[in-house]
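Here's the structure we're looking at; comments come further down.
The values are calculated or read from the model by the stated rules, or taken from the named source; none is laboratory data. Note that the structure is a prediction, hence the values are computed from the model and not measured. With ideal geometry, Cβ positions are generated from the backbone for all residues, glycine too; neighbour counts draw on all protein chains shown. Side chains included, ligands, DNA and RNA excluded: accessible areas come from the protein's heavy atoms. Shrake-Rupley method; radii C 1.70, N 1.55, O 1.52, S 1.80 Å.
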Amino acid sequence: MDAAGDPAKTTASGRDIVVVAASAGGIEALQAVLAPLPPDLPASLLVVLHIPPTGGRALPKILDRAGWLRSAAAVDGEPLRHGRVYVAPPDRHLLVREGGVHVDHGPKQHGHRPAADPLFQSAASVYGPRVIGVVLSGMLDDGATGCAAVERAGGVVAVQDPAESAYDGMPRAALAATEHAVPLRAADLAAFITEQSRRPPGAARAPGGAGTRLEQRAAAMDPPGTWSGMTCPECGGPLNMRSGDLPPRYECRVGHIWSAASLLDGQADAVERALWVAVLRLEERVRMSERMAAGAEERGHRRSAEVFRASARESGEAVKTLRHLVEGAAPVGGEAEEPEGGDGPGRGGGRGSGTASR
């Protein structure tokens, strides 16, 4: 591709950096957005979908078959090209640098890696008014802070209509964090992106300094803000609250960042992990106590055997209580469904026999 398709080597005639976030229920929405986009779209699309660290490798293939634009997993350092869809790899943040992409294994944000906020913030920091932010179906509020950064930098934001979204948490949070975000049906978001990609981006604004927070996490030993009285569910370190952020953000020394909603979700996960560890240790205590009781009986130490069997019974009752507690607890949030390899529709947009190229 010549320089005309390289955002770093041309003066943009429109908003040519599109950052897209999705989570639970987001695969179908992504397909609906990509299907109508034209093959000559003068923009680069970068996509983050919340997926498990060991899954999601089929996602680029699924999105590649959704429409005209080529989709592939992002490779660290590759240049940005118009008409391409860059998909965040599993367990890696996707960031934007001048003219290219950066794949980062930095700390999780909101319990996710990849997360939407780092992508949106980095794009706003580098390309300012040339950025289009799009938030699709998903739980909690990842992407809201990033959308605010895009808007502050002069970019535009659109979200999937919460009434249409399978999960409306992320779209509603993005609408609440911005002043001018536009709610649209997933099928209409493609027309919005196409129109904005051909509209002059306007004057640049200050991005607010949040765009490179992930890459600058080692610049200071302590995170900004004040001690919140809470610890990070991911690493156990103390959390500082950034009261200047709206909504407030919590950050630990390692660099894990949480909103109030994602912190609550992370705490629930941490409690569940701790309870399962307690169940495991108590079950081991039951087995060891029973072995000690059997050994004491063989040696004729009946009183000691009774003590060990009483200990086994007490531990067994505790196991039942903990199992009932942890198995009955309802999750606060959720992740996107795992993409199935080979599933998904063929290329949309009336591609037909394939006479047109990408």
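Please compute the length gained on full extension between E272 and C235, using 0.36 nm multiplied by the number of residues separating them and subtracting their Cα-Cα distance.
Full-extension gain reported as 11.8 nm.
What is the sum of charges, Lys and Arg at +1 and Asp and Glu at -1, for the other residues whose Cβ falls under 11 Å from the Cβ of G14?
Net charge around G14: +2.
If we sort 38-48, 90-100 on the protection proxy, mean other Cβ atoms within 10 Å, highest first, what's the order?
38-48, 90-100
So the label point goes 7 Å from the Cα of R199 along Cα→C-beta, right? Which residues of segment 13-34 then have their backbone N under 18 Å from it?
Answer for this model: 13-20.
Could you tell me which of rounded, prolate or oblate describes segment 90-147, using a ≥ b ≥ c as the square roots of the eigenvalues of the alpha-carbon gyration tensor, with rounded for a/c under 1.5 and, failing that, prolate when a/b is larger than b/c and oblate otherwise?
oblate
Counting only protein heavy atoms and using a 1.4 Å probe, what share of the accessible area of segment 44-84 belongs to carbon plus sulfur, as a whole percent?
Values: 750 of 1440 Å².
Looking at segment 44-84 in its full context, I get 52 percent from C and S.
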